[in-house]
Amino acid sequence: MVDDPARTATTAAIDFDAVLVATPPRFGPADALTIAEQTFGLHAATARDLGSERDQSFLLLDADERPTAVLKVSNVAEDPATLDMEARAVLHAARVDPTLPLAIPWRAPKAGDSDDPAGRRAAIDGADGPHQVRLYDVLPGRQRTDPLTLSDTALAGWGETTARLGRALRGFFHPRAQRTMLWDVQHATRTRAFVDTIRDAHQRELVTRVLDRFEVTVAPKWPSLRAQVVHGDLTTDNALTDAAGRIIGIVDFGDMSHSALVVDLVSALDSLVTDRDDPFRVARLVIDGYQRVTLLEPIELRLMGELLAARSAVTIAISSWRSSHGLEDAGFAERYNATAARTIEAILAVGWDDLGRRFGADATPEPDRALRDRRARVMGPALEPLTYEHPIHVAEASGVWMTDTTGRRFLDAYNNVPCVGHAHPRVTAAIARQARRINTNMRYLHGTAIELAERLVATCPPGLDTVMFVNSGSEANDLAWRLATTFTVHRGGLCNAFAYHGISDAIAPLSPETWPGGRRPEHVETWPAPDRYRGRDQQPDGFTAAVERLAARGIAPAAVILDGVLTSDGFAEAESSYVAELVRRTHAAGGLWIADEVQGGHGRTGSAMWSFQRFGIVPDLVTLGKPMGNGHPIGAVITRREIAARFAAETVFFSTFGGNPVSAAAALAVLDVLDDERVLERVNDAGEQLRGAIRDVATRHPVLGDTRGPGLAIGIEVVVDPVAKIPDPALAGAIKEGMRERGVLVGTCGAAGNVIKVRPPLAFTAAEVPIFAAALEEALVALRR
Ligand code: PMP
């Protein structure tokens, strides 16, 4: 080590790797030839100095000028144990990913066959003390590729190789990896000690700003970043490329340390975005390539800008210090630092707050008002308005809890789509896994949708043996309708008086809730849902009258459709004998029965997987949607073979997304969770407790006239007074708003709009019941005042 008092003072204060301060070895080409001969027994004709910052590398050539090996003479301060770590790491990575083009040190002749990494180096004496010597194969490819020449494909390839190297080192550790490599941005703030040596005042200011930011935003989060042993310096200096810019050689593991996984990516970005006029586009391409192999975590993406800026700041600080101590050529350092400064400037020009998004992190949420205006402007007036007077700007959710952008949590007692709970890990993992593998259509053979179909069939009564996949509840009902009209050669349809079954041209007519202008289509008739609360009977006469009205127009029913929990009719209660009789009369009139399970299916009733099962009927067609993929769009029709066969005789069926492997994987995960978490039992228990708690609140607030519905499909009928039973939609709406203000989400439904719709994710448990009841009670008390 060189004895410079100024240097010793600084280094003592900041304690870093000794190689940084030691003078590089100063051997000549002739020395290199002698060293190669003495240590590895390699006879070369000429040696060329390849230039290196802190070590020395020589290209050795034979008498015909053919490169034979690269000789690396280490800095006198290099600890041999660190070199042994490097050798072990490279061998480890090569074992994990044999196609990675890694430079592996030769075994010295004296080492024989030993596995000892010390056998891959030899010591020689120099003027300053002993040096370690290693020999490497000459890897093919260009050195010091100009990053500006790299194509977009090559940039993505760099990202991918970077991730592969990280993956190959994932399982490696060595005690020497716990060292302080100052170039590792992990130690960025330590380079503050060098800031005074930065001669350019502007650069000094840039570096200070970056280090200040690093200290506040990155340093506190550093302990939570994924960490492992990393290469540490995967720049264009340390990678050889082919003509297309692909990495075909990775050299120099001399900066290895235990650090954040993303440090390698940051070093690659550092050299690739430099001096680009579109640095962030380039960064995104590299990151895309990286994520082909290893997905980045949100925090890693969020901090990427700061990390990259810190890398440039560290470069400027260290090289300024080194050049001020004569350890680096001043002209070289100046050029290098000017480049790093431009990278920092590009980052600062974006501003810290918007930086993460440029690397693919989530954007900071916009203020609600601005977003609402944009929604209205671009999506037009036909889209349903936002729910609640104060709409909820959602950020994330888990189980039965939704969180808005301010961090406020809401108990979700409304959304049935995330059936097994918002963001259920089994479902999200299944979607991500399959999406990363392949997503395609049903014209290719793939097992997932087939398994799903088999498992759905297994949940149905015998005879319902054929499954057709679509993408929504509307599409499922649309297809069911077409199957029914084709099979029966009839054209009439029947549904409940306030039913909703979907948006398509075929199915909107069977959705009186949304009939344009309230006008009934000519081929449709409705019958009133039973109303047990008001003693309106469960006789099938109303149904028969509807069939007769159709017949009077010369129309026979192709299909009758019923939502098994009668959601739109305020969760009206239908008895099984009543429904069974409707089915019988449908068949007698030559029509088919469609059980719409979009609301009532997937365990909602707690009594069975499908809501039709509680009526003891066997439908001709069963339609699935909403909860099927726990929020991922998928729908299905389950029917009998003869019905599908009649359709097939006339046409073909194919839906581009229907049954795609990703959606099918989501739906399979839902079925698994329903089984594994014993969801039906949970629904029964939670539903019973919830109805009990609501009825208890109703004893003090008789405006809650009726509480009904199976499982977790619960309607609370709000009335002006319990005797007259006159619907009070305004009060129902006010309760909904009041509960929202108290952090519990419900909706309203029913023909009069006076039924509070309680239809939570099936992750709802008895534990949430008191929270719900308290919000309901408080809302009512507040409204009474
Ligand atoms: N059927 C029923 C009973 C529904 O409640 C709905 C949606 N609310 C649909 C069908 C239509 O489903 P989607 O919105 O997925 O098309």
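The values are calculated or read from the model by the stated rules, or taken from the named source; none is laboratory data. In this text, all values refer to a predicted model and were calculated from it rather than measured experimentally. All Cβ positions, even for glycine, are placed from backbone atoms using ideal geometry, and neighbour counts span all protein chains on display. These accessible areas exclude ligands, DNA and RNA; they are computed on the full protein's heavy atoms, side chains included. Shrake-Rupley method; radii C 1.70, N 1.55, O 1.52, S 1.80 Å.
Spin-label point model (7 Å from Cα, Cβ direction): what's the His325 to Val293 distance in nm?
Simple spin-label model gives 3.4 nm for this pair.
Can you give me the pair-distance distribution of the range 27-182, C-alpha pairs, 5 Å bins, whole percents?
For the range 27-182, the binned pair fractions read 2, 8, 15, 18, 19, 17, 12, 7, 2, 0 percent.
Assuming 0.36 nm per residue, please report the length gained on full extension of the stretch Thr406 to Ala81 beyond their Cα-Cα distance. Please report the intermediate quantities before stating the final value.
Numbers: separation 325, 0.36 × 325 = 117.00 nm, distance 5.13 nm.
The Thr406-Ala81 span can extend by a further 111.9 nm.
Amide H to amide H under 5 Å from Thr748: which residues, 5+ apart in sequence or cross-chain, H placed 1.01 Å off N in plane?
So Thr748 has HN proximity to Lys757.
Amide H of His131 versus every other amide H placed in the peptide plane: which residues, excluding those fewer than 5 positions away on the same chain, fall under 5 Å?
So His131 has HN proximity to Ile124, Asp125, Gly126.
Could you name the lysines in cross-link range of Lys221, using Cα to Cα under 27 Å and dropping any fewer than eight places away on the same chain?
Within the straight-line limit of under 27 Å, Lys221 reaches no lysines at all.
At what distance in nm do the modelled label points of Glu650 and Asp368 sit from each other, each positioned 7 Å from its Cα along Cα→Cβ?
Taking the simple label geometry, Glu650 and Asp368 are separated by 5.0 nm.
Can you bin the range 278-431 into rounded, prolate or oblate? Criterion: square roots of the alpha carbon gyration tensor eigenvalues sorted a ≥ b ≥ c, rounded for a/c under 1.5, prolate for a/b above b/c, oblate for the rest.
It comes out prolate by the Cα gyration axes.
Modelled label-to-label distance, Ala111 and Thr387, 7 Å Cα→beta-carbon offset: nm?
If labels sit at Ala111 and Thr387, their model points lie 6.5 nm apart.
Quick check on the chain: helices-only [θ] at 222 nm, where DSSP H runs of length 4 and up contribute -39,500 (n - 2.57) each and the sum goes over total residues. Nearest 500, please. Walk me through the intermediate numbers first.
Values: 21 runs with 307 residues, N = 785.
Value at 222 nm, helices only: -12500 deg cm²/dmol.
Could you give the semi-axes, largest first, of the ellipsoid that matches the range 597-706, computed as the square roots of 5 times the alpha carbon gyration tensor eigenvalues and rounded to whole Å? Could you put the intermediate results ahead of the total?
Numbers: eigenvalues 239, 61, 33 Å².
Those come to 35, 18, 13 Å.
Among Leu33, Leu295, Asn496, which residue has its Cα positioned farthest towards the positive end of the charge dipole of the chain, with +1 placed on the Cβ of Lys and Arg, -1 on the Cβ of Asp and Glu, and the dipole taken about the Cα centre?
Asn496
Just subtract the alpha-carbon distance of Val394 and Asp696 from 0.36 nm times their residue separation and send over the number in nm, one decimal. The partial results should precede the final answer.
Values: separation 302, 0.36 × 302 = 108.72 nm, distance 3.17 nm.
Contour length minus Cα-Cα distance gives 105.6 nm.
By the gyration tensor of its Cα atoms, with a ≥ b ≥ c the square roots of the eigenvalues, what is the shape of the range 150-192: rounded for a/c under 1.5, prolate for a/b over b/c, or oblate? Can you show the working numbers first?
Values: a/c = 4.82, a/b = 1.47, b/c = 3.28.
Verdict is oblate for the range 150-192.
From the phi angles alone, apply the Karplus equation (6.51, -1.76, 1.60; θ = phi - 60°) to the range 484-490 and give each ³J(HN,Hα) in whole Hz, x where the residue is Gly or Pro.
5, 5, 5, 6, 8, 6, 9
Determine, at each q value in 0.18, 0.21 (inverse angstroms), the log₁₀ of I(q)/I(0) that the Debye formula gives when each Cα of the range 264-340 is one equal point scatterer.
One equal scatterer on each Cα of the range 264-340 leads to -0.76, -0.91.
Please list, short to long, the whole-number percent of alpha-carbon pairs of the range 124-176 in consecutive 10 angstrom bins beginning at zero.
16, 25, 32, 21, 6
Let a ≥ b ≥ c be the square roots of the eigenvalues of the Cα gyration tensor of the range 214-286; is it rounded (a/c under 1.5), or, if not, prolate (a/b larger than b/c) or oblate?
Oblate, since a/c reaches 1.5 and b/c is not below a/b.
Just how many % of Cα pairs in the range 494-642 lie over 17 Å apart, if you round to the nearest whole percent?
Values: 6687 of 11026 pairs.
Percent of Cα pairs beyond 17 Å in the range 494-642: 61.
How would you rank 491-497, 768-774, 126-132, highest first, on the average number of other Cβ atoms within 10 Å across their residues?
Working: 491-497: 23.9, 768-774: 18.0, 126-132: 16.0.
Taking the mean over residues of other Cβ atoms within 10 Å, the ranking is 491-497, 768-774, 126-132.
Express the carbon and sulfur contribution to the solvent-accessible surface of the range 672-749 as a percent, rounded to the nearest whole number, probe 1.4 angstrom.
Carbon-and-sulfur percentage of accessible area, whole number: 49.
Taking the Cα centre of the chain as origin, sum charge times position over the Cβ atoms of Lys and Arg (+1) and Asp and Glu (-1), and report the length of that vector in debye to the nearest 20.
1740
Step through the residues of the range 81-97 one at a time and calculate ³J(HN,Hα) from phi using the Karplus curve (6.51 cos²θ - 1.76 cosθ + 1.60, θ = phi - 60°), rounding each to whole Hz and writing x for Gly and Pro.
After applying 6.51 cos²θ - 1.76 cosθ + 1.60, I find 5, 5, 5, 5, 4, 4, 4, 4, 5, 5, 5, 4, 4, 5, 5, 5, 10 Hz.
Using θ = phi - 60° and the Karplus relation 6.51 cos²θ - 1.76 cosθ + 1.60, list the HN-Hα couplings for the range 354-369 in order, rounded to whole Hz, with x at every Gly or Pro.
9, 5, x, 4, 5, 9, x, 6, 4, 6, 5, x, 7, x, 3, 4
Show me, bin by bin at 10 Å from 0, the whole-percent P(r) of the range 646-785 based on Cα pairs.
Pairs per bin, as whole percents: 11, 34, 24, 16, 11, 4, 0.
Lys110: which lysines have alpha carbons under 23 Å from its alpha carbon, excluding same-chain residues fewer than 8 sequence positions away?
Filter leaves Lys72.
What FRET efficiency would be calculated for the residue pair Ile124, Ala227, taking the C-beta separation as r and a Förster radius of 30 Å, to the nearest 0.05? Write down the numbers at each step before the final one.
On the way: r = 36 Å, r/R0 = 1.19.
That pair, Ile124 with Ala227, gives E of 0.25.
Please report the antiparallel percentage of the DSSP beta bridges confined to the chain, to the nearest 5.
Taking every DSSP beta bridge with both residues in the chain, the antiparallel ones total about 75 percent.
What's the FRET efficiency of Asp242 with Leu348 using the Cβ-Cβ distance as r and R₀ = 41 Å, to the nearest 0.05? Kindly include the intermediate steps, with their values, before the conclusion.
Values: r = 35 Å, r/R0 = 0.86.
So the FRET efficiency works out to roughly 0.70.
Suppose R0 equals 35 Å; then what is the FRET efficiency for Arg784 and Ile503 from their Cβ-Cβ distance, rounded to the nearest 0.05?
On the way: r = 39 Å, r/R0 = 1.12.
Calculated transfer efficiency: 0.35.
Taking the Cα atoms of the chain, what is the range of coordinates along each of the three principal axes, in descending order and whole Å?
109, 65, 44
Leaving out same-chain residues fewer than 8 places away, which lysines sit with a Cα under 19 Å from that of Lys626?
Counting by Cα, and skipping residues close in sequence, Lys626 has these lysines nearby: Lys757.
Leaving out ligands and nucleic acids, and using a 1.4 Å probe, what accessible area per residue does the chain come to in Å²? Intermediate values should be presented prior to the final figure.
Values: 32860 Å² over 785 residues.
Heavy-atom SASA per residue in the chain reads 42 Å².
Using the reciprocal of the averaged 1/r over all distinct C-alpha pairs, how large is the Kirkwood radius of the range 32-102 in Å? Kindly include the intermediate steps, with their values, before the conclusion.
Details: mean 1/r = 0.0728 Å⁻¹.
For the range 32-102, inverting the mean 1/r across all distinct Cα pairs yields 13.7 Å.
Determine the percent antiparallel among the DSSP beta bridges restricted to the range 510-654, to the nearest 5. Numbers along the way, then the final one.
Numbers: 5 of 14 bridges.
Here the antiparallel bridges make up roughly 35 percent for the range 510-654.
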